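Please read through the structure below; I'll follow up with questions.
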Amino acid sequence: MKPSTFLHWAAALAAAGTLSASAQTKIDFAKDVFPIFEKTCVKCHGPEKAKGKFRIDNKADAMKGGGEGPAIVAGDPAKSDLYRRITLPKGHDDIMPSEGDPLEKAQADLIKEWISQGAVWPEGVGVKAAAPAKPKNEPVLPADFKPSDAETKAIAKLAQSSVEARPIAMNVPWREANFRLQGTNVTDATLAPVADVLSLVEINLATTKITDAGLVHLKNLKHLQRLHLENTAVTDAGIAHLKGLPSLVYLNLYGTTVTDAALENLTGMKYLKSVYVWQSKVTDAGIAKLKQALPEVQVYKGWDLADLRKKEEKKEEKKEEKK
């Protein structure tokens, strides 16, 4: 045998051996094939969009096929519509993916070999379903609420005191009442009718003359979400009347004499998010205790004048040292 002939046959045998070894290599679907599906196919054939009624984000749907029947025929790439489509020429109406660049030849060959080996798709491999969104911690207003006759009369009585309990939006039963506009003309007696206005979700009593006794009228307003009491004479005893308000989200106690005892009455309000205690007698210890019970609550102290004065004094001291 001529040397050249021998070398030719040796090369041919080596090539054949390489092809045989390649064909015998087990395709790792999770590592090699599914990432191709996920990157190029799932956008059009996944949970959000199933073009042609075909999904390839999970085993069951992929093997079931789409509106035109099975897309993957285990062991037979020639009869697998998936393989046919990924090998169509660019610009063809049926090519997959229909958007972006066609698959590279190496990718198509890998999918072909996977199908030839039986299209083994291990259980559990697929696009992981998104975790359900954590429900928001906020009160839900009932859809079937209807104001009573007593509420209608109470709203009319408030109007006689120039206080309007107005709807918060069109075509909804929920109302807000701003007593602040009447200022010091508002007393505990003015507030009395609100006990029957169960549709109130916000009340502004800031700068009015209400006292602890007036807050008794609020204790049954189970849908009340926002309450302004800033710059009023309410104390810890008045805040105790609010203990049963299950929907309260916002409470402003700025400029009152409330203490840590007032905050203890808020610990059962699971929706409470914002509490303002600037220029009150609430301490850091009281705030910390409230936050232990309600981790999501934000308690706003505002500027602490004493701390601000200390900072200013330190600045002056540094200036003197530099001179």
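The values are calculated or read from the model by the stated rules, or taken from the named source; none is laboratory data. Source: prediction; values computed, not measured. Every residue, glycine as well, gets a Cβ built from its backbone with ideal geometry; the counts of neighbours run over all protein chains shown.
Just wondering, is there one or more residues in region 113-124 that are surrounded by fewer than 11 Cβ atoms within 10 Å (Cβ to Cβ) and not in a loop (DSSP other than H, G, I, E, B)?
Looking through region 113-124, none of the residues is surrounded by fewer than 11 Cβ atoms within 10 Å (Cβ to Cβ) and not in a loop (DSSP other than H, G, I, E, B).
Okay, next question. Of all residues being out of contact with any helix residue (DSSP H, G or I) (no Cβ under 9 Å at 6 or more places or on another chain) and in contact (Cβ under 8 Å) with a residue 40 or more places away in the chain in region 197-225, which is surrounded by the most Cβ atoms within 10 Å (Cβ to Cβ)? Just the residue, please.
Taking the candidates together, the pick is 225.
Give 2, 53 a once-over and let me know the one that is of a type in the set (Lys, Arg) and at pLDDT 85 or above.
53
Determine, yes or no, whether residue 141 is assigned to a loop (DSSP other than H, G, I, E, B), within 26 Å of residue 271 (Cα to Cα) and not assigned by TED's automatic domain parsing to the domain that holds residue 261.
Considered against the rule, which asks whether it is assigned to a loop (DSSP other than H, G, I, E, B), within 26 Å of residue 271 (Cα to Cα) and not assigned by TED's automatic domain parsing to the domain that holds residue 261, residue 141 comes out as yes.
Can you name every residue in region 262-292 that is in a loop (DSSP other than H, G, I, E, B) and β-branched (Val, Ile, Thr)?
Result: 267, 277, 282, 283.
So residue 67 fits all but one of (1) surrounded by fewer than 19 Cβ atoms within 10 Å (Cβ to Cβ); (2) at pLDDT 85 or above; what number is the exception?
(2)
Among the residues of region 177-196, is there at least one that is assigned to a loop (DSSP other than H, G, I, E, B), buried (at least 18 other Cβ atoms within 10 Å of the Cβ) and touching a strand residue (DSSP E or B) at 6+ places or on another chain (Cβ under 7 Å)?
Within region 177-196 (the criterion being assigned to a loop (DSSP other than H, G, I, E, B), buried (at least 18 other Cβ atoms within 10 Å of the Cβ) and touching a strand residue (DSSP E or B) at 6+ places or on another chain (Cβ under 7 Å)), the answer is no, since none of the residues qualifies.
For residue 85, which of the numbered conditions (1) part of a loop (DSSP other than H, G, I, E, B); (2) farther than 19 Å from residue 30 by Cβ; (3) of a type in the set (Lys, Arg) fails to hold?
(1)
Another one. Regarding region 202-210, can at least one residue be identified that is more than 30 Å from residue 172 (Cα to Cα), among the acidic types (Asp, Glu) and modelled with pLDDT of 95 or more?
No, region 202-210 has no match at all.
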